[in-house]
Each structure stands twice: as C-alpha cells, then as structure tokens.
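Encoded as structure tokens, the structure appears first; notes follow it.
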C-alpha cells in the first residue's frame, strides 16, 4: 500500500468519526480531535519520510518551493471519495508534521450549526460596512462566515469575492455570482488581493483574515464606498477586537480613524465552541456587538472600555454577551452547566443567573 493510500485510510477514519482535525507527528501514531478532545488512533507510528512524501505529493506546484525553502505551507487537498481538507505542513525539530482540518464540500446553514440566525440574517442583508468574526483558532469563524455567504447566495443577487488562505468551502452560484481567490495561487497576499478586488465590481467581499494595516485600510475604503466586507480577526471579545483594529496604525493616526471605524463597523461576532451535551460535536456560543448609534459614538470617542457594558444593555438590537448565550444554551439542554461555567468570561455572574438571580441598574432581580 502506498503512503498516499495509508494516509487516506486515516482520513477516512477521521471523517467517519466526525473528527474536526487530524494531527500527524513524525514517529508517533496519529491523533484525532473529537468533540474538542484529542484521541490517539490505534496504529503504528508514522515515519517522517512518509509524512514528507505525503506533503510533496499533495502540495500544489505553486507552493512546493515555499515548503522546501520555509519548512511550512498551507494548502487545500481533496481526497477522492473522502472529502476536502485544509492542510498545514510544518517542520518541528527538523522533522515534518501535518495538521489537516476536514472541510465539508457543502457550505452549512445557520440551523445546521445551531446558530441563532435572526441577527446574522440582518447583517447579511446589509449593503455596506464591516462585519468581523472573531475568536481563537478553531472556534468556527470560517464555518459561520461560510453559512453567511451561503445565506446571501440563496437570497440575494450579489457579486461575492472571497480572499482565502487556503480556500475551504466551495460554492455553486445560486442567486449570487461567487469568485473565490486563493492567496498564493490566485493573488500573492491579502493586501494586494484587497487592492484588486475593488476593481472587480463586488457587492460582498470576504477577507479570510485581517492581518495588516493595508488590508484593513482597504476594507475600510470598500465599506465606505458601498460594499459589505466580512472578515476574521483573532480576538477574545468585542472590546479587544475593536482595540486591535487601531493597533494596525501608528499612535498619531488612531484618533483620526475613530470616526471612520465607528461609521463603518456594523458588528463584531466573537465565538467559542462548547462540547455538546448529547452526542458528538460542539455548539457555538457567541458574543454579539451590533453597532448602533450608541456603539458608534462609543467607538468615535475612543471609550472602548464601555463596549462590554453596552453589549449587555443592548439586546433589543441583536447584541448579547457570552453569558447570555451560555445561559440560553444551558436552559435549552444543549450544553452542560459545568462546561458553561468553564467557558464563561464571568463564571460567578453566570452561576447567579443560572440560579435565577440577575443584577439590574436598580438592584437584584429574581
């Protein structure tokens, strides 16, 4: 059996067991991430030459020299009859390793992901502005954005352009026209891709990651000229995300940008994935900061420390705190109380809420 066949058997096992990720380390058996936890596969250790051979057989030609020169590479790989995978090949202590993430061919919808769709649907209907999807690596950011693009594609006549590194979900045109550009193959980087996209008559632009000043500056320009920009950012909550946007710029420019960001930002959605109470899988919990007049003024005045307070008091516009969503998921029987408290940014407050005690500006409400 060839190296490719051996590793594709491992990928088949991963898909059959609903693993989100496959970890392959030199001279070790593989590990699967199942419902957020790593489980070792009962198999022989995988020699480094097999891992290196798999990468060199599957990496796109455009990325081969990058792998040889830099010792790391990201790309998409389709195993026929098994599925598509996002691949990260790398060296550690001189030995090759791989992490593969299974990506469904069919983009999901909000119901399949157990997402509350009302707020996301309203954001999808917007004609301009920036919507940021935030969270740690592996928190489901790309999957939620895929569901948003799927919703737009099924409901609106839009020209959607995506910039991805690498392409994950693939789409068929339904009501929209979708062009997907892969960084390193279709354009050299996010910054140049963003500069070019404005000449491609887009209505919706998906930026796989806001990585630098030029990318975000161009996103701001696009939002101000009648485009809806969806992007990801690594941040733990809405306040941190907004502050991080200004970190792209030198100190002397940040104050001038507050009006621009306040006027363009439509929402910050921050996700965590929580183990499901019943069955395999995980359930998303989200903090929503939907930017209304008060949120816009708060950003324009640079009072970022008030953002979390505003979220908690703005449920009528679709905003919600992590604790509010964790509370909902526990009461719906979707996650355990222990897991909710573990993932909560304020477990003492959540504990009180689950006992029926809520604090308001007028005191305690039971």
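Things to note:
- Under the condition of being at pLDDT 95 or above and either surrounded by fewer than 15 Cβ atoms within 10 Å (Cβ to Cβ) or in a strand (DSSP E or B) (or both), the residues counted in region 307-327 number 1.
- Test: residue in region 264-279 that is within 20 Å of residue 224 (Cβ to Cβ) and in a loop (DSSP other than H, G, I, E, B): no
- Top-ranked residue of region 10-21 - restricted to ones that are over 19 Å from residue 274 (Cα atoms) and in contact (Cβ under 8 Å) with a residue 40 or more places away in the chain, ranked as surrounded by the most Cβ atoms within 10 Å (Cβ to Cβ): 14
- Wholly enclosed strands (runs of 3 or more DSSP E) of region 151-258 bearing at least 1 residues touching a strand residue (DSSP E or B) at 6+ places or on another chain (Cβ under 9 Å), surrounded by fewer than 17 Cβ atoms within 10 Å (Cβ to Cβ) and in the same structural domain as residue 123 (by TED's automatic domain parsing): 159-164, 177-182
- Residue in region 94-116 that is farther than 29 Å from residue 205 by Cβ and outside any strand (DSSP E or B) present: yes
- All positions within region 325-354 that are touching a strand residue (DSSP E or B) at 6+ places or on another chain (Cβ under 8 Å) and farther than 18 Å from residue 135 by Cα: 329, 334, 335, 336, 349, 352
- Filter result for residue 65 (in contact with a helix residue (DSSP H, G or I) (Cβ under 8 Å, 6 or more places away or on another chain), within 30 Å of residue 178 (Cα to Cα) and either assigned by TED's automatic domain parsing to the domain that holds residue 180 or loosely packed, with under 15 Cβ neighbours inside 10 Å (or both)): no
- Screening 130, 152, 174 for residues that are in contact with a helix residue (DSSP H, G or I) (Cβ under 6 Å, 6 or more places away or on another chain) and free of Cβ contacts under 8 Å to residues at least 24 places away in the same chain leaves exactly one candidate, 174.
Residue-by-condition table, conditions (1) out of contact with any helix residue (DSSP H, G or I) (no Cβ under 7 Å at 6 or more places or on another chain); (2) free of Cβ contacts under 8 Å to residues at least 24 places away in the same chain; (3) within 18 Å of residue 17 (Cα to Cα):
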{"residue": "79", "(1), (2), (3)": "no, no, yes"}
{"residue": "82", "(1), (2), (3)": "no, no, yes"}
{"residue": "86", "(1), (2), (3)": "yes, no, yes"}
{"residue": "96", "(1), (2), (3)": "no, no, no"}
{"residue": "110", "(1), (2), (3)": "no, no, no"}
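- Within region 27-44, the residues that satisfy the criterion of being farther than 21 Å from residue 275 by Cα, exposed (fewer than 11 other Cβ atoms within 10 Å of the Cβ) and out of contact with any helix residue (DSSP H, G or I) (no Cβ under 9 Å at 6 or more places or on another chain) are 42, 44.
- Region 45-62, subset in contact (Cβ under 8 Å) with a residue 40 or more places away in the chain and surrounded by fewer than 13 Cβ atoms within 10 Å (Cβ to Cβ), residue nearest to residue 185 (Cα to Cα): 62
- Checking residue 289 against (1) part of a helix (DSSP H, G or I); (2) under 21 Å from residue 123 (Cβ atoms), the condition it does not meet: (1)
The values are calculated or read from the model by the stated rules, or taken from the named source; none is laboratory data. What you are looking at is a predicted structure, and each value in this text was computed from that prediction instead of being measured. Reconstructed Cβ throughout: ideal geometry from the backbone, glycine too, with neighbour counts over all protein chains shown.
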